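Encoded as structure tokens, the structure appears first; notes follow it.
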Amino acid sequence: MTPSAAARDSLEGLALGDAFGERWFPLFRPAPDAFDQIRARRTPGESPWHWTDDTAMALGLFRVLTVYGAVHQEDLALVFGVTYRADPYRGYGHGMHRLLPALADRPSAWRTAARGLFDGEGSLGNGAAMRVAPLGAWFCEDLDEAVEQAVFSAEVTHAHPEGVAGAVAVAVAAALAARSRGLPAPDGADLLAEVADRTPAGPVRDGLHRAAGLPADTPAWRAADLLGNGAEVRAADTVPFALWSAAHHLDSLADALWTTAEGLGDVDTTCAVTGGTVAARTGLAGLPDGWAARREALPAWVDEG
């Protein structure tokens, strides 16, 4: 399995997680009885399961990787801007509605515009983390490179150190998952500790250390209470729980997504992070019947190289 193939699998899992999670909490409108339905493992019946901005931006990042083999920031900014302009109704956050239209016409503007968001602090949201798992899988053979490229990918939209740290953490987790293909799954706590060690100091790293100390059999709702479920739309409120779910379900994408969904909150994004991480190891193998077919298809160019 080549790194690019693992990245392709990660992209599929990210899109599935995004679309699956959105069924339970579409654009922050809670589905009726969502928690009870999730606990009962009742697969959403309506289809297609549409993906959101999580997948739209992951597709842009994947495209840059397939063309250049690395993150070229102005090219990534241009792809993000053009993608947004073509379909701005995928659930983008407030900051991206301000930033992305400008990048379609002047991609170099990211250098000042991303840093100008939120009173000059830059975005500390979960948007850089939600899209980055395929990049981690792509660079799985070199964790230092995975970290560096994750930083480059994040800076285009998320200049705040917390937003960047979220991307680094997810990229490292996906890289470790991809490296474990064909081998026994890493211990969940050990994987989380290694991710934390490679994540810049700050709230995201602190949350990962808490996640590493949380037993695997902790109820998902309790883990979400302790670690955050993305309801604050911050990287530190999203990444630790999503990666805790992934780390303890590395051999079952479906179980990982159900566990993550049980935490509610920003379910499309937490499930995108979890799905992209686990699928870097498993692909879409072992899914319940019909799941993959229900998800909105990815664009044809993904398979055209």
LEU227 vs. criteria among the aliphatic types (A, V, I, L, M), without any contact (Cβ under 8 Å) to a residue 60 or more places away in the chain and buried (at least 22 other Cβ atoms within 10 Å of the Cβ):
yes
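Take PRO200 and tell me if it is assigned to a loop (DSSP other than H, G, I, E, B) and within 20 Å of GLY125 (Cα to Cα).
Yes; evaluated as a whole, the condition is true for this residue.
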Would you please name the residue that is nearest to VAL273 (Cα to Cα), looking only at residues in region 218-247 that are in a helix (DSSP H, G or I) and of a type in the set (Asp, Glu)?
ASP237
Please find, among THR259, THR277, the residue that is in contact (Cβ under 8 Å) with a residue 12 or more places away in the chain, closer than 23 Å to CYS140 by Cβ and surrounded by 21 or more Cβ atoms within 10 Å (Cβ to Cβ).
THR277
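Here is a yes/no grid of residues against (1) under 30 Å from ARG111 (Cβ atoms); (2) hydroxyl-bearing (Ser, Thr, Tyr):
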position	(1), (2)
VAL156	yes, no
PRO161	yes, no
ALA174	yes, no
ARG181	no, no
ALA193	no, no
VAL204	yes, no
ALA211	no, no
THR218	no, yes
Condition check: more than 21 Å from the chain's Cα centre (by Cα), outside any loop (DSSP other than H, G, I, E, B) and either of a type outside the set (D, E, K, R) or crowded, with 22+ Cβ neighbours inside 10 Å (or both). Does PHE35 satisfy that?
yes
Test LEU250 against the criterion of being in a loop (DSSP other than H, G, I, E, B), out of contact with any strand residue (DSSP E or B) (no Cβ under 7 Å at 6 or more places or on another chain) and within 22 Å of ALA146 (Cα to Cα), and give yes or no.
yes
Looking only at helices (runs of 4 or more DSSP H) that fall completely inside region 38-123, which ones have 2 or more residues that are within 30 Å of ASP289 (Cα to Cα)?
53-68
Contact list, first residue from region 32-53 and touching a residue at least 40 places away in the same chain (Cβ under 8 Å) and of a type in the set (S, T, N, Q), second anywhere and surrounded by fewer than 17 Cβ atoms within 10 Å (Cβ to Cβ) and not in a loop (DSSP other than H, G, I, E, B), beta-carbon distance below 8 Å, six or more apart or interchain, is SER47/ALA293; THR52/LEU27
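Does GLY286 satisfy the condition of being out of contact with any Pro (no Cβ under 8 Å at 6 or more places or on another chain), in a loop (DSSP other than H, G, I, E, B) and buried (at least 24 other Cβ atoms within 10 Å of the Cβ)?
No: the conditions fail for GLY286.
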Just a yes or no: is a residue in region 64-87 crowded, with 16+ Cβ neighbours inside 10 Å and within 27 Å of GLU262 (Cβ to Cβ)?
no
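State all residues of region 33-91 that are under 19 Å from THR157 (Cα atoms), polar (S, T, N, Q) and in contact with a Phe, Trp or Tyr (Cβ under 9 Å, 6 or more places away or on another chain); if no residue qualifies, say none.
Selection gives THR52, GLN73.
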Can you tell which of GLU155, GLU162, GLU194 is farther than 25 Å from ASP53 by Cα and touching a helix residue (DSSP H, G or I) at 6+ places or on another chain (Cβ under 9 Å)?
GLU194
How many residues are buried (at least 24 other Cβ atoms within 10 Å of the Cβ) and in a loop (DSSP other than H, G, I, E, B) when one looks only at region 124-145?
6
Answer yes or no: is there a residue in region 162-175 that is within 23 Å of GLY13 (Cα to Cα), out of contact with any strand residue (DSSP E or B) (no Cβ under 9 Å at 6 or more places or on another chain) and either of a type outside the set (A, V, I, L, M, F, W, C) or not in a helix (DSSP H, G or I) (or both).
no
Check ALA185 against each of (1) closer than 29 Å to ALA285 by Cα; (2) in a helix (DSSP H, G or I) and name the one condition it does not meet.
(2)
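Every number here is computed from the coordinates shown, using simple stated rules; none is lab data. Remember, predicted model here, so these are calculated numbers, not experimental data. All Cβ positions, even for glycine, are placed from backbone atoms using ideal geometry, and neighbour counts span all protein chains on display.
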